[in-house]
1. From B:Leu114, B:Leu74, grab the single residue that is in contact (Cβ under 8 Å) with a residue 24 or more places away in the chain, away from chain A (no Cβ under 11 Å), among the hydrophobic types (A, V, I, L, M, F, W, C) and not in a helix (DSSP H, G or I).
2. Condition test on B:Trp167, is it of a type in the set (Phe, Trp, Tyr), closer than 16 Å to B:Leu274 by Cβ and either open to solvent by 40 Å² or more (accessible area, probe 1.4 Å) or more than 14 Å from chain A (Cβ to nearest Cβ) (or both)?
3. Going by the structure shown, is B:Thr83 closer than 19 Å to B:His277 by Cα and more than 11 Å from chain A (Cβ to nearest Cβ)?
4. Just to confirm my filter: which helices (runs of 4 or more DSSP H) fall fully inside region A:6-96 and include at least 3 residues that are facing chain B (nearest Cβ under 9 Å) and of a type in the set (Val, Ile, Thr)?
5. Which numbered condition in (1) over 24 Å from A:Thr62 (Cα atoms); (2) at pLDDT below 85 is the only one that B:Thr76 fails?
6. If you go through region A:73-87 one residue at a time, how many are surrounded by 12 or more Cβ atoms within 10 Å (Cβ to Cβ), more than 13 Å from the chain's Cα centre (by Cα) and not hydroxyl-bearing (Ser, Thr, Tyr)?
7. With at pLDDT below 85 and closer than 19 Å to B:Glu255 by Cα as the only criterion, which of A:Gly82, A:Gly104, A:Gly87 stands out?
8. Return the residues of region B:94-108 that are farther than 15 Å from B:Phe51 by Cβ and assigned to a loop (DSSP other than H, G, I, E, B); say none if nothing qualifies.
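The values are calculated or read from the model by the stated rules, or taken from the named source; none is laboratory data. If you're wondering where the values come from, they're calculated on a predicted model, not measured in any experiment. Please note: Cβ atoms are built from the backbone with ideal geometry, for glycine as well, and neighbour counts cover all protein chains shown. Surface areas here come from the heavy atoms of the whole protein model, side chains and all, with no ligands, DNA or RNA. Shrake-Rupley method; radii C 1.70, N 1.55, O 1.52, S 1.80 Å.
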Amino acid sequence: MAALSPPFRVCRGILREIRAMKGPEYKQSLAYNYVLDQFRKNQVSSERYCRAQVEALHASHTYLCLLASTRHHLTLHNLYHGKGERGPEEVAGIVGLRLPTQPGGKGWEK
Amino acid sequence: MLRNLIRLHSRTCYAVLERWPGVCQGGQARLPTLLENAKAYSTATSERKKFYQDVSISQGEDGMFEINLDRRKLKTPGGKIFTVPNEALAIAVATEWDSQKDTLKFYTMHLTTLCNTALDNPTHRDKDQMITAALKYLETDTICYRVEEPPGLVELQKNEWDPVLHWIEKRYNVVIGSSDSIMGPQIPEETKDTFRQHLGSYNFWALTGLEYVINQLKSVVLSFGLIDRHLTVEQAVLLSRLEEEYQIQRWGNVEWAHDYDMYELRARTAAGTLFVHLSSESSTVKRKLLQD
């Protein structure tokens, strides 16, 4: 079994992702209430090995990964791939480069 | 290199498979015509204006959950009413629809896509065919193919992949083995039979998800590790991209290619895993409710 981070951190992570998706009124969303409810239900008092709890933790971990990765992917998509074709200057600018100015050509008029 | 080509190839295959979700408009089903379908196939990354405000779920008479967009029922591209077997999945799908801003970005709605595939079954396959297709990946499983050079990568593959391989051999009591020849390892028939029998116990939805995960990770072994909760999504994706990670360490990371791919792979893999777990656990949830 892989080491998983503690439930309350995963829970907070998921709620944070929901907030990032929904904005300030995220507490009214379906997912917010369901996630909180599930985490409360699956709390156990003793530290005994509980298969159902491990399953729930793995599922919540997976869901957090799904939400976070989708957000990251969308951010990168919008940044690099979402705008169609770019001009050469803009492409060079993304990687922190500038196009060379030709001697005697543009930029050397003065 | 070969693996990357395979990955690229199967990506496009999947883009072809993914169809956009249709929606019942004004009470009438909107059946996509052949032309629309062709358009949908060609632009898997297409977007559409958001046409609803509220997303809610409701339970039908047969116990299945439906998604409502402003009182209109969501439909699959095939024209069926979009139904899922349990509340958790319904809420996850509803959240995907709810989180769309001004345009619907179907390429970020992996769970919706998986449900559509399971409901419509666009390739018209039965369980046996799906199991055969899934097990075909075992013959070319990523973690069974080893390189002979460079030494650093050989070492890395041995250290990272061997434990997972040993785990699955012990867990299912099978022989898989690894190989560095282009022909790959010889997988015994008994191994395939064991897996075939095991996969037979999955329902159609779970198999749809599992095949998707195998397709993403290019590995049956890693997919089983994930479904059996031996690995986390992050670990499985890292192991699947081991060669790429090695090259990144050596040559540097390129955000718009490497990170972009990795997050997409993680999102897809996580969606598939969650889909398998949620669609195979519905019966246990029901039993608990009965006990109460």
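1. Within the list B:Leu114, B:Leu74, the selection yields B:Leu74.
2. It is false that B:Trp167 is of a type in the set (Phe, Trp, Tyr), closer than 16 Å to B:Leu274 by Cβ and either open to solvent by 40 Å² or more (accessible area, probe 1.4 Å) or more than 14 Å from chain A (Cβ to nearest Cβ) (or both).
3. It is true that B:Thr83 is closer than 19 Å to B:His277 by Cα and more than 11 Å from chain A (Cβ to nearest Cβ).
4. A:51-76
5. Result: B:Thr76 passes all but (2).
6. Summing the residues that are surrounded by 12 or more Cβ atoms within 10 Å (Cβ to Cβ), more than 13 Å from the chain's Cα centre (by Cα) and not hydroxyl-bearing (Ser, Thr, Tyr) in region A:73-87 gives 3.
7. When all the criteria are applied, what remains is A:Gly82.
8. B:Ser99
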